[in-house]
Each structure stands twice: as structure tokens, then as C-alpha cells.
Amino acid sequence: MIEERELVSRVISGDMYAFRLLMKQHERLVLHMIGRLVKDNQEREELCQDVFLRVFEKLKDFTFQAKLSTWIATIAYRHAINYLRKHKMAFSEIPDEENVITAFVNQETPENVLEEIDTDEYVMKLVEQLPVQYKTVLTLYHLEGMSYPEICEVMNMPDGTVKSYLFRARNLLKEKVKRHLGKEELL
């Protein structure tokens with residue numbers, strides 16, 4: 001594994017293999033950032049490509065004041081937000097959860113394993129229904145494993161706001177799951 005400073009230096013000097021390596025190391029992060037905010041597959045793919053083009057263009061300005069992943073996540077987040085603003089998409093609407101149904105089961109039969117996979121998909125669909133700020137904070141914290149200071153930098157928010165959004169996002173998600181479980185118990 002190439003150290004970040006060396007990788008950046010190689011990319012800046014024109015090493016395309018190094019840039020492909022940088023993209024490979026951070027593609028999941030960029031996909032998560034864009035994918036949580038933009039629903040259209042074709043648009044997502046284009047936006048991800050745009051993010052890496054922007055990273056390539058601006059890499060010479062990267063000063064290692066933060067982690068490279070935090071810097072790239074910031075670019076991806078801002079690019080997605082700008083896309084949403086440009087297309088006048090609402091940030092804070094919480095859609096209904098009519099089209100998602102699964103049950104939480106703890107037994108280890110093949111049927112239950114499949115249901116558990118459905119549960120993961122269900123929870124991810126519920127996360128998708130959260131307002132942009134909430135699902136972004138959840139994604140960065142739980143899926144990308146970023147710390148509060150890193151999330152603050154990516155989202156350009158104070159520590160208290162990030163903690164508040166994470167708290168609210170978890171509560172909204174918990175309420176949605178409770179509502180779903182209540183529906184299942186009535187069946």
C-alpha cells in the first residue's frame with residue numbers, strides 16, 4: 001500500500017496508475033456520498049466521475065491539513081449538494097414508507113438469512129428517506145467510519161450540529177423501524 005503523500009505526489013507528477021489507485025481506494029466513499037443524495041443511476045455515475053475529475057484538478061492544492069479521504073468526501077458532498085440545488089430538489093422532505101416491507105428475525109434458517117438480507121436493504125431504504133443532512137451524517141459516521149471532526153470538516157458544520165443531526169437521524173430511523181415492526185405485529 002502506497003503512503004498517501006507519495007500517492008498524491010505521484011498523481012501530481014502525472015502517474016495515471018497512481019491516480020487509478022487513488023480512485024480505487026476512494027471509490028466506495030464517493031459512491032456512498034453521491035449515492036445517498038442522488039437517486040438517478042446515470043446521474044450518480046456522472047457525478048462520481050466529475051468528483052474524481054475535480055480531485056485530479058485540485059490535488060496539487062491539497063495540503064494534508066486533513067485526511068485525503070476527508071478532503072475527497074468534502075468534494076463529493078459539495079458536488080452532490082450543488083447538483084441538488086441546481087435541479088431544485090428538496091432537502092428535507094421525508095417520503096412515505098409505503099413500498100418497503102420486511103420483518104426482523106433472529107433465527108438462522110436459510111429463509112431467515114434471506115429475510116435478514118432484506119432487513120439490511122429495508123434499513124438502507126429507510127435511511128434513503130431521511131433528509132439529506134441526516135442521511136449524510138449517518139453514512140459518514142456508520143458506513144465510512146469517520147470521526148466527528150472529520151464529518152464537521154466534510155459538511156462544513158460545527159461539532160454540535162453534527163452530533164445533533166446524528167442523534168436526530170438515529171431517532172427518526174428508530175421511529176420508522178418501530179412503525180414498521182408495529183405493522184408486522186398486527187399481521
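Elements of the type helices (runs of 4 or more DSSP H) sitting completely within region 1-73 and holding at least 1 residues that are closer than 26 Å to TYR134 by Cα and modelled with pLDDT under 90: these cover 16-37, 41-58. Of all residues in region 43-84, how many are within 18 Å of the chain's Cα centre (by Cα) and not hydrophobic (A, V, I, L, M, F, W, C)? Final tally of qualifying residues: 15. In region 17-34, the qualifying residues are those that are of a type outside the set (Lys, Arg) and surrounded by fewer than 17 Cβ atoms within 10 Å (Cβ to Cβ), and the one that is farthest from THR74 (Cα to Cα) is TYR17. When you look at GLU116, is it more than 20 Å from VAL38 (Cβ to Cβ), outside the structural domain of ARG78 (by TED's automatic domain parsing) and at pLDDT 70 or above, yes or no? Spelling it out, it is not the case that GLU116 is more than 20 Å from VAL38 (Cβ to Cβ), outside the structural domain of ARG78 (by TED's automatic domain parsing) and at pLDDT 70 or above.
The values are calculated or read from the model by the stated rules, or taken from the named source; none is laboratory data. Keep in mind the model is a prediction, meaning the values are calculated, not measured. Positions of Cβ are generated from backbone atoms using ideal geometry, with glycine treated the same way; all protein chains shown enter the neighbour counts.
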